[in-house]
Amino acid sequence: MRHLPDDDSFPARRQALGARIRAARLAQNLTQERLHLAADVDRVTLQRVEAGHDVLLSTLQRIAYVLDVPLAELVREE
């Protein structure tokens, strides 16, 4: 069993996830408007995801599907 890190690195990990989603969206010339409509997620939710806030797995699955990016690639740790 692993223990949580002392430095609370999770916010940075969520920001990296949001950055990967934003990069994939921009690489496909998609606006947040088009992505949130296609993924059937609230626009504010998408904005919060890209900003590094907490996100539901089902939301990430929808976004990954629409972007045609494997979910594992979006959530990978570097």
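The values are calculated or read from the model by the stated rules, or taken from the named source; none is laboratory data. Bear in mind the structure is a predicted one, so any value in this text is a computation, not a measurement. Cβ sites come from the backbone with ideal geometry, for glycine too, and all protein chains shown count toward neighbours. In case anyone asks, the SASA skips ligands and DNA or RNA and just uses the protein heavy atoms, side chains included. Shrake-Rupley method; radii C 1.70, N 1.55, O 1.52, S 1.80 Å.
As a rough guide to protection, the peptides 12-19, 71-78 ranked by mean Cβ packing within 10 Å, highest first, stand as 12-19, 71-78.
The residues of the chain expose on average 70 square angstrom of accessible surface per residue, using a 1.4 Å probe on protein heavy atoms. Note on exposure: His53, His3 ranked by accessible area (1.4 Å probe, complete protein assembly) read His3, His53, with the most exposed listed first. Charged side chains reduced to their Cβ positions (Lys and Arg at +1, Asp and Glu at -1) give the chain a dipole of some 200 debye around its Cα centre.
Taking amide H as placed 1.01 Å from N in the peptide plane, the amide H of Gln28 sits under 5 Å from none that are at least 5 places away or on another chain.
The amide H of Gly52, built 1.01 Å from its N in the peptide plane, has Gly18 as neighbours under 5 Å, considering only residues 5 or more places off or on other chains.
Using just its DSSP H runs of length 4 or more, each adding -39500 (n - 2.57), the chain gives a mean residue ellipticity at 222 nm of -19500 deg cm²/dmol after division by all residues. The angle between the Cα long axis of helix 10-27 and the main principal axis of the chain comes to about 20°, on a 0 to 90 degree scale.
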